[in-house]
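Worksheet: the structure to be examined is printed underneath.
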Amino acid sequence: MNRQNFILLTILIALGVVYYFGIYTRKTGGLDPEETNFAVKDTVHIQDIVLLHKQGDKTNRKLTLSRKNNNWILNDSLRVVPAKISLFLKTLSLLEVREPLLEKAQKNMITQLGKDRVEVEIKMDNGNIKKYYVGSSTPDNKGTFMLLEGAQNMYIVHIPGFKGYLNSRYSTVVGDWQERFLFSVNPDRLILYKVIYKNQEKSFMLNRKKITDAWELMGKEIPKELTKNIFKEFGQVNAESILEKDLPGKRKELSANAPDAEVWLQEIDKSPIKINIYVRSDKPDLYYAWLEEANPQLVSLQEYHFGKYLQTRDTWLRKK
């Protein structure tokens with residue numbers, strides 16, 4: 001090897017070493033763990049998660065996710081969508097730093113973070129607390145800007161193998177987390193099905209004393225095939241959306257008038273449930289509704305899913 005080639009090779013090797021230690025390790029290793037330890041590997045020990053959306057010093061929204069008896073509760077009283085919390089816990093466990101930011105970008109992004117961010121506080125069952133701040137997504141939408149509390153530097157965080165941003169998973173909107181379950185009935189165990197309309201000619205009540213008895217309407221037996229075909233569609237009902245906080249006072253306003261329909265359902269050995277239904281003039285394919293219980297919430301129901309419960313007296317007067 002002549003002297004010129006030797007010098008060239010030496011320069012290339014030197015550049016390679018500089019790249020490896022100056023660039024590659026900057027992205028994937030050699031980072032301060034006190035500034036990059038975003039992940040919670042053992043999520044089973046998470047007790048509470050507090051999410052706050054803040055703009056400057058102003059808190060726009062706040063929600064709390066709490067583990068109680070192996071179930072997750074939203075804001076101390078609401079059910080959480082199981083798939084949502086499962087995905088979120090998985091996200092918390094898989095977070096990794098993709099790369100740090102250059103000095104100029106650091107200043108710009110930290111300034112932006114001060115204007116708009118989600119503050120995340122994770123409380124463990126041993127009393128330890130992890131807190132960090134979630135900013136916007138990166139321009140390539142494959143990472144999210146995050147900053148650990150007490151850290152000097154912000155980082156681009158991602159989940160290896162996942163192509164997308166993560167800040168949308170830190171939603172502070174209650175409706176994104178709240179389970180829309182309203183009620184569930186087992187049609188084979190029903191002993192009462194009643195619908196009361198404003199138009200009494202449409203109203204009816206079906207009942208039976210035992211689940212082995214035939215259904216009766218005004219003392220007359222209803223064909224088994226008819227009840228079987230209709231009741232087989234009964235089961236779990238989920239709300240299209242929860243409106244209680246979005247429309248404060250609306251339920252009180254509606255309750256000043258009789259509902260367009262009252263649906264009563266009772267399983268054997270259980271208390272009856274009552275659903276109040278109000279037709280929406282603005283959206284004919286939706287109903288305002290609430291379950292008559294200790295803490296009712298105004299919800300929106302889709303006619304497509306709930307219409308099966310709004311049978312009329314004529315339904316049961318059909319002949320075989």
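The values are calculated or read from the model by the stated rules, or taken from the named source; none is laboratory data. In this text the structure is predicted, and so the values were computed from the model without any measurement. Every residue, glycine as well, gets a Cβ built from its backbone with ideal geometry; the counts of neighbours run over all protein chains shown.
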For region 145-161, indicate whether the set of residues that are out of contact with any Pro (no Cβ under 6 Å at 6 or more places or on another chain), free of Cβ contacts under 8 Å to residues at least 24 places away in the same chain and over 14 Å from Phe88 (Cβ atoms) is non-empty.
yes
Could you tell me which numbered condition Ala258 fails, if it satisfies all but one of (1) under 16 Å from Ile242 (Cβ atoms); (2) part of a loop (DSSP other than H, G, I, E, B)?
(1)
By my count, strands (runs of 3 or more DSSP E) wholly in region 104-183 with at least 2 residues that are within 25 Å of the chain's Cα centre (by Cα) and farther than 21 Å from Leu31 by Cβ are 117-124, 129-137
Evaluation of Arg180 against (1) in contact with a His (Cβ under 8 Å, 6 or more places away or on another chain); (2) in contact (Cβ under 8 Å) with a residue 60 or more places away in the chain; (3) closer than 29 Å to Lys245 by Cβ (one fails), failing number:
(1)
Check on Leu92, exposed (fewer than 12 other Cβ atoms within 10 Å of the Cβ) and either modelled with pLDDT of 80 or more or part of a helix (DSSP H, G or I) (or both):
no
Quick count over region 68-89, residues being in contact (Cβ under 8 Å) with a residue 60 or more places away in the chain and part of a loop (DSSP other than H, G, I, E, B), is 3
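Tyr278: in contact with a helix residue (DSSP H, G or I) (Cβ under 6 Å, 6 or more places away or on another chain) and either assigned to a strand (DSSP E or B) or of a type outside the set (Val, Ile, Thr) (or both), yes or no? Walk me through how you get there before you give the answer.
Numbers: in contact with a helix residue (DSSP H, G or I) (Cβ under 6 Å, 6 or more places away or on another chain): yes; either assigned to a strand (DSSP E or B) or of a type outside the set (Val, Ile, Thr) (or both): yes.
It is true that Tyr278 is in contact with a helix residue (DSSP H, G or I) (Cβ under 6 Å, 6 or more places away or on another chain) and either assigned to a strand (DSSP E or B) or of a type outside the set (Val, Ile, Thr) (or both).
Take Ile122 and decide whether it is touching a residue at least 60 places away in the same chain (Cβ under 8 Å) and touching a Phe, Trp or Tyr at 6+ places or on another chain (Cβ under 6 Å). Walk me through how you get there before you give the answer.
Numbers: touching a residue at least 60 places away in the same chain (Cβ under 8 Å): yes; touching a Phe, Trp or Tyr at 6+ places or on another chain (Cβ under 6 Å): no.
When the stated conditions are applied, Ile122 does not pass them.
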Would you check if there is a residue in region 207-216 being without any contact (Cβ under 8 Å) to a residue 40 or more places away in the chain and either among the aromatic types (Phe, Trp, Tyr) or buried (at least 19 other Cβ atoms within 10 Å of the Cβ) (or both)?
yes
Check on Val185, among the β-branched types (Val, Ile, Thr), surrounded by 15 or more Cβ atoms within 10 Å (Cβ to Cβ) and more than 30 Å from Glu119 (Cα to Cα)
yes
Failed condition for Phe234, given (1) farther than 30 Å from Ile49 by Cβ; (2) modelled with pLDDT under 95; (3) assigned to a loop (DSSP other than H, G, I, E, B), with all others met?
(2)
Any pair with Cβ under 9 angstrom, 6 or more apart, that starts in region 31-43 at a residue that is at negative phi and small (Gly, Ala, Ser) and ends at one that is surrounded by 17 or more Cβ atoms within 10 Å (Cβ to Cβ) and part of a loop (DSSP other than H, G, I, E, B)
Ala39/Leu95
